[in-house]
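Right, one structure below, let's go through it.
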Amino acid sequence: MEKIVLKENEELISGRIIKTLKENKTQGWGLFMVETIEKEKIVIYMSKNIPKIYEDYDFVITKSNRGANNTYILNNYFKVQKKIDKEMELLQYLKKTPKVGFAAIDKINKKYTFKGFYKSIKENEIFNEDFADFLNQQQKENILVVYKENEEKILNLISDTEEIDNDLFFFELNKLQNLYLKLLEFHGKDVNFKTFYKSNNPYKLYLENQFPLKEIDIFALALGWSESSFERLEAYLNVLMIKLEDNNSTYIDKNEIISLLQNELNFAVTEPILNDFLDNLVKQGKLIAIDNLICRKEMYIKEEFISSTLLKISKRKIVTLEKIDENEISYLSDNQREAYYSFLNSNISIITGGPGTGKSNLIKHIYNTLKKEGYVYNEDFIVLAPTGRAAANISFKNGFTSRTIHSFLNIANDEEKINQSPKEYDNFKILIIDEFSMVNINVFYLLLSMCRKIKKIVLLGDVDQLPAIGPGNLLTDLINSNKFRTMYLKQNFRSESSEIIEYINFINCIGDFENESHNEQLVNFIKDEYKINDLNFKLSEFKNTIYTKFCDFYGNSLKQKNIEMYIFNDFLKDISTLFEEKVKIYGVENVVILCPIYKGSYGIDKINKIIQNKFNREGKEIFSYKIFDNEFIFKENDKVIQLVNKHEKNVSNGDIGFIERIEKDNTSKEKELIVVRFETNGKKRYVSYTKDEFKTEVKLAYAITIHKFQGSEINCAIFVVHPDHSRMLTRKLVYTAASRAIKKLVIFTKYENIYSKIFLKEFLNNKKIITNLLWMLKE
């Protein structure tokens with residue numbers, strides 16, 4: 001057995017954890033009271049691999065620079081292993097040997113001892129005439145079979161060393177105690193993990209069973225697997241591709257993949273090796289390659305399934321429905337009526353339009369039509385949305401309960417496996433999905449694969465909004481395929497937001513030199529501003545001179561009653577003042593700050609902290625924690641947002657609430673629960689969190705990201721447009737942020753000419769989203 005080698009400043013102590021002082025199981029750390037074998041009590045900070053309480057260990061520790069004198073940091077630990085009774089262990093192998101009874105075992109023990117007996121077998125003496133002559137030939141053959149099946153373990157038991165569970169010690173040396181426990185659960189006790197995974201691909205544990213890749217990688221490299229092994233590269237490629245797919249494209253540039261893989265692997269693998277590796281995966285059919293672009297086969301299959309499923313549904317005999325009474329739909333606009341009839345007479349219909357164009361109203365008429373036709377809600381048909389906020393908006397406007405796609409499938413995230421059988425969804429014949437631009441390929445694939453009997457689908461959304469976080473650009477691709485009837489809603493029915501609608505239409509036109517209406521406005525600007533009447537030039541030639549001035553002129557001319565531009569001098573001071581001012585008019589529940597990033601001097605975390613200090617200064621502090629040097633404080637009445645789906649608590653990703661109180665947990669007097677009040681459609685619900693849950697599931701929400709607020713609307717939206725965020729400000733992000741406001745949109749920025757300095761530049765540099773779905777549908 002290898003010895004424990006201590007580094008400089010490390011100490012080795014023996015003892016056991018006797019008390020948990022503070023712990024966050026979600027983040028994997030804690031403060032623990034340890035009693036040494038000398039009965040001294042010390043406090044040790046432990047993270048990631050945390051040993052069990054009340055069990056004996058050798059702890060490798062270093063003195064902490066913080067805290068009291070007897071506070072330490074755990075570097076590693078080793079289980080103090082009890083000496084194995086080798087004779088008893090060897091007895092078990094004889095007991096499970098066929099036709100070898102207790103009488104024979106007793107004779108073996110008395111004449112040889114079990115250790116001596118197996119040593120003789122090791123020396124090939126078992127079939128000698130004078131060896132164990134009380135055993136017959138069949139018994140000896142059976143004993144040899146069991147010996148061969150368990151040779152490595154028996155040899156360890158008969159060796160003269162005191163080596164005890166060398167397998168475990170290997171994992172301890174590499175700080176992989178958690179992985180050892182997972183492997184025990186996965187394989188059981190009969191597998192020698194070191195021996196097995198020296199010849200079997202350990203990276204399959206990640207690829208097929210979702211074991212943490214970092215742990216598997218440390219394990220594999222310690223076993224001797226090469227840094228450039230095909231198996232290792234395949235695992236890291238999978239992680240990288242899934243991460244890149246979050247940016248929507250399912251095809252990724254090969255050069256980008258190689259560059260990022262090299263960085264991920266700390267440049268331990270050369271570019272030629274990675275290039276050959278990718279080519280090899282293409283030959284094996286695990287990757288799809290077109291020109292210099294690469295797609296995962298798994299993603300290709302999902303897109304192919306979506307394409308074929310939708311085309312099959314659309315080509316089947318049309319499920320026609322009778323319209324509801326004319327009186328109920330007489331007030332609809334021409335576009336809305338066309339969209340309604342499209343639903344009646346098409347198996348797949350798409351309805352797209354901006355905010356205030358009546359999409360939610362159409363959902364109500366679709367719902368009423370299906371009810372009239374005898375379809376039962378939540379059995380035959382269902383109205384779904386990608387987020388809790390979007391589902392709540394449908395429910396509030398239409399008087400029936402909409403559900404999120406995740407809750408409908410009973411999954412918390414896109415990667416989770418569905419436990420139900422597809423048969424449980426066989427009753428569903430019609431799907432209506434709102435805010436479809438926010439649905440990614442993974443989620444839609446899961447939905448269609450479970451709902452196998454669907455005959456009619458209605459997809460509603462705003463094609464100009466941000467696409468989903470995750471692979472695909474579904475709404476755009478489905479519309480551009482021209483395979484499904486698509487209706488465009490253009491008329492705005494919100495009189496209080498007509499200026500905002502004009503503004504977001506302008507955002508969509510910036511840099512679009514093929515838009516006739518936009519070009520007409522530009523021509524009029526040139527005539528008025530430059531007194532030029534003979535326009536014998538291409539407008540695109542002026543985009544770097546005259547056009548930039550036009551963008552700033554026209555954008556700033558839209559500042560009226562509903563649109564305001566706030567030019568800041570002191571970012572944090574001014575934004576907190578602005579927020580407080582708008583809260584006095586609209587109320588804190590009806591004002592939000594939208595910002596594209598969390599970190600940095602002009603990010604959400606800083607904004608939330610400064611606003612909390614000013615707006616909720618008197619709130620009672622109930623909880624705080626630190627991540628590195630950043631402290632996060634929460635007070636009663638703070639506005640907060642839920643970050644993950646928790647269907648069992650009836651709360652969804654994106655739900656916004658207010659901290660109500662902190663209270664004792666009825667199940668444990670030592671624990672406290674943080675209670676958050678959420679309100680939907682005028683109905684209040686209270687959700688309790690342990691402190692560990694709160695840390696990872698809840699954030700302050702005076703300011704939030706545009707992605708988190710997509711699918712929601714609010715009376716007053718303050719949109720942060722800072723030069724430091726320029727690369728994030730794509731056309732769809734700006735459009736989505738501005739279109740969240742119902743009554744007041746405030747552009748909070750450093751200078752007035754954001755349209756030429758930021759928007760125009762970024763809008764023209766937009767990266768194209770490349771997927772399989774569009775060409776698959778068109779084939």
Kirkwood Rh over alpha-carbon pairs of the stretch 86-158 plugged into Stokes-Einstein at 4 °C, 1.567 mPa s gives a D in µm²/s of 108 µm²/s
Taking Cα atoms only, helix 498-509 is inclined relative to the longest principal axis of the chain by an angle, in degrees rounded to 10, of 70 degrees
Highest mean packing first, using Cβ neighbours within 10 angstrom, the peptides 655-665, 389-399, 290-300 sort as 389-399, 655-665, 290-300
re the stretch 216-369: pairs of Cα atoms spaced beyond 21 Å account for a percent value of 62 percent
With -39,500 (n - 2.57) per DSSP H segment of 4 or more residues and division by the full residue count of the chain, the 222 nm estimate, nearest 500 deg cm²/dmol, is -12000 deg cm²/dmol
Residues of the stretch 386-420 with backbone N under 13 Å of the label point set 7 Å from the Cα of ASP325 along Cα→Cβ are none
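Against the globular-protein guess of 2.2 N^0.38 Å, express the Cα radius of gyration of the stretch 422-539 as a ratio, rounded to two decimals.
Scaled against compact globular proteins, the figure is 1.54.
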Of 702-709, 33-40, 597-604, ordering from highest average Cβ density within 10 Å down gives 702-709, 597-604, 33-40
Debye calc, one equal point scatterer per Cα of the stretch 417-479, no solvent, log10 I(q)/I(0) at q = 0.15 1/Å comes to -0.49
For the chain, the longest principal axis of the Cα atoms and the Cα long axis of helix 359-372 enclose an angle in degrees, to the nearest 10, of 70 degrees
By the mean-Cβ-within-10 Å protection proxy, highest first, 168-175, 326-333, 735-742, 262-269 rank as 735-742, 168-175, 262-269, 326-333
For the stretch 209-269, the Debye formula with one identical point scatterer on each Cα and no solvent gives log10 I(q)/I(0) at q = 0.14, 0.16 Å⁻¹ as -0.42, -0.54
Rounded to the nearest 5, the percent of DSSP beta bridges in the chain running antiparallel is 60 percent
With bins of 10 Å, the percent of all Cα-Cα pairs of the stretch 172-298 per bin from 0 is 11, 42, 30, 15, 2
Long-range share for the chain, i.e. C-alpha pairs more than 49 Å apart as a percent of all pairs, stands at 34 percent
Per-residue Cβ contact counts at 10 Å, fewest first, order LYS95, LYS691, LYS359 as LYS95, LYS691, LYS359
Over the stretch 1-158, the quotient of the Cα radius of gyration and 2.2 N^0.38 Å is 1.59
Expressed in nanometres to one decimal, the distance between label points 7 Å along Cα→Cβ at GLU589 and ASN368 is 2.8 nm
Scoring only Lys, Arg, Asp and Glu (+1, +1, -1, -1) among other residues with Cβ under 13 Å from the Cβ of LYS750 yields -3
Per principal axis, largest first, the Cα atoms of the stretch 341-492 extend in Å by 43, 37, 31
With T = 4 °C, eta = 1.567 mPa s and Kirkwood Rh from C-alpha pairs, the Stokes-Einstein D of the stretch 131-234 in µm²/s is about 81 µm²/s
Once both label points are put 7 Å beyond Cα along the C-beta direction, the LYS99-ASP190 separation in nm becomes 2.2 nm
Between the Cα axis of helix 137-149 and the main Cα principal axis of the chain, the angle (0 to 90°, nearest 10) is 40 degrees
Honestly the stretch 11-79 on the Cα gyration tensor test (a ≥ b ≥ c root eigenvalues; a/c under 1.5 rounded, otherwise a/b vs b/c for prolate or oblate) is just rounded
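Throughout, read-outs are computed from the coordinates displayed, never taken from laboratory work. Keep in mind that this is a model prediction, so the values were computed, not measured. Please note: Cβ atoms are built from the backbone with ideal geometry, for glycine as well, and neighbour counts cover all protein chains shown.
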